[in-house]
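As structure tokens, the structure follows; a few thoughts come after it.
The values are calculated or read from the model by the stated rules, or taken from the named source; none is laboratory data. This one's a predicted model, so the numbers in the text were calculated from it and none came from an experiment. Here the Cβ is made from the backbone with ideal geometry for all residues, glycine too, and neighbour counts use every protein chain on show.
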Amino acid sequence: MKLCIQCKHILPGIVGKTDENSRCGFERPTSLVTGLLAAIEVLPFAELDRRTTGRCGLLANNWEAADHVMTEEEEKELMEGDIRHE
């Protein structure tokens with residue numbers, strides 16, 4: 001399963017951690033005002049992008065592996081509430 005938490009485009013939410021408020025940085029635009037990358041606050045929520053009507057969709061069309069992709073064991077521990085891998 002391709003999870004957003006394993007994708008290189010995931011950006012942490014406002015509190016600085018990857019959670020349900022994380023944003024998707026795929027095709028992160030440049031601000032026409034500052035010339036810098038667009039602020040995280042204007043990017044779409046990753047959860048919305050993964051819906052059927054989102055840019056990435058249920059099949060994770062824009063997903064690219066992050067530097068460290070969790071093993072199935074790490075993923076299982078995380079899903080069971082073991083926070084050693086956050």
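Tabulated values for the structure
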| quantity | calculated |
| --- | --- |
| Number of the exception - Thr52 against (1) modelled with pLDDT of 90 or more; (2) polar (S, T, N, Q); (3) in contact with a strand residue (DSSP E or B) (Cβ under 8 Å, 6 or more places away or on another chain) | (3) |
| Positions within the stretch 19-32 being charged (D, E, K, R), part of a loop (DSSP other than H, G, I, E, B) and more than 12 Å from Asn62 (Cα to Cα), in sequence order | Asp19, Glu20, Arg28 |
| Tabulated pairs, the stretch 25-50, first within 21 Å of Leu3 (Cα to Cα), second among the charged types (D, E, K, R) and loosely packed, with under 11 Cβ neighbours inside 10 Å, C-beta under 7 angstrom, 6+ apart or interchain | Glu47/Glu20 |
| Sole residue being part of a loop (DSSP other than H, G, I, E, B) and more than 13 Å from the chain's Cα centre (by Cα), chosen from Gly35, Gly16 | Gly35 |
